[in-house]
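Participant: Pasting in a structure now, in structure tokens, and then I'll have a few things to ask.
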Amino acid sequence: MADQEQGAPRRGKQKVYTLLVDVGRAEGDGLPEGSTGAALMCYASGVDEAEAVRETVAVLRQAGLAPLEVQGYGTLDEREAEGHVIGDEDRALMRRALEENAVIVAQATPFYD
């Protein structure tokens, strides 16, 4: 409420979105030698999926990675409604992303030709 009183725009409620990001190679990206890129499973907070995607791409670029494509899988509730089984570890990472307003890379799978 204090932000509202000082004229800050009111933001919608933050949610956590599951995103699969394909990254290509970039100098100094830290990916394994010989890999051609990687798939990163990320949990990212945002008021909507578009914001979560923008923030994820920005964070990955700052980390020296080269995002190529992002596929959204929705929120925890949306995933559960589709029948996805979400383990305790992933739920904890999602909570952390929400609490810290952060992008969490939960898994990285390198690609090889």
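What follows draws every value from the coordinates through simple rules; no lab data is involved. Only a predicted model underlies this, so the values are computations on that prediction, with no experimental measurement involved. Don't worry about glycine lacking a Cβ; one is built from the backbone with ideal geometry, like all the others, and counts go over all protein chains shown.
Participant: For the range 52-69 and the range 87-106, compute the distance between their C-alpha centroids and round to whole Å.
Facilitator: Cα centres, the range 52-69 to the range 87-106: 17 Å.
Participant: Now, a different point. Out of Val23, Pro67, Ala52, whose Cα points farthest toward the positive end of the dipole of the range 8-111 (charges: +1 Lys, Arg; -1 Asp, Glu; placed on Cβ)?
Facilitator: The one lying farthest along the dipole's positive direction is Ala52.
Participant: Would you tally the net charge around Ala102, using a Cβ to Cβ cut-off of less than 12 Å, leaving Ala102 out, and scoring K and R as +1, D and E as -1?
Facilitator: Net charge around Ala102: -1.
Participant: Further question on the same structure: Could you give the length gained on full extension between Ala106 and Thr75, defined as 0.36 nm per residue of separation minus the Cα-Cα distance, in nm?
Facilitator: 9.7 nm
Participant: How tilted is helix 49-62 with respect to the longest principal axis of the chain? Cα atoms for both, answer in degrees (0 to 90, nearest 10).
Facilitator: 50 degrees
Participant: Could you work out how much longer the chain between Arg96 and Leu20 gets when fully extended? Use 0.36 nm per residue separation minus the Cα distance between them, nm to one decimal.
Facilitator: 25.6 nm
Participant: Based on the alpha-carbon gyration tensor of the chain and its eigenvalue square roots a ≥ b ≥ c, which shape applies: rounded if a/c is under 1.5, prolate if not and a/b is larger than b/c, or oblate?
Facilitator: Here the chain falls in the oblate category.
Participant: By the scheme Lys and Arg +1, Asp and Glu -1, what is the net charge of all other residues having a beta-carbon under 14 Å from that of Gly87?
Facilitator: Summing Lys and Arg as +1 and Asp and Glu as -1 gives -1.
Participant: With runs of 4+ DSSP H residues as the only contributors, calculate the mean residue ellipticity of the chain at 222 nm using -39,500 (n - 2.57) per run, divided by the residue total and rounded to the nearest 500.
Facilitator: -9500 deg cm²/dmol
Participant: Pairs of alpha-carbon atoms within less than 8 angstrom and 6+ residues apart define the contacts here; what relative contact order does the range 16-91 have, in percent?
Facilitator: 42 percent
Participant: Kindly list the residues of the range 97-112 that lie in the label zone of Ser35, defined by a backbone N under 20 Å from the point 7 Å along the Cα-to-C-beta vector.
Facilitator: Counting only backbone N, you get 103-112.
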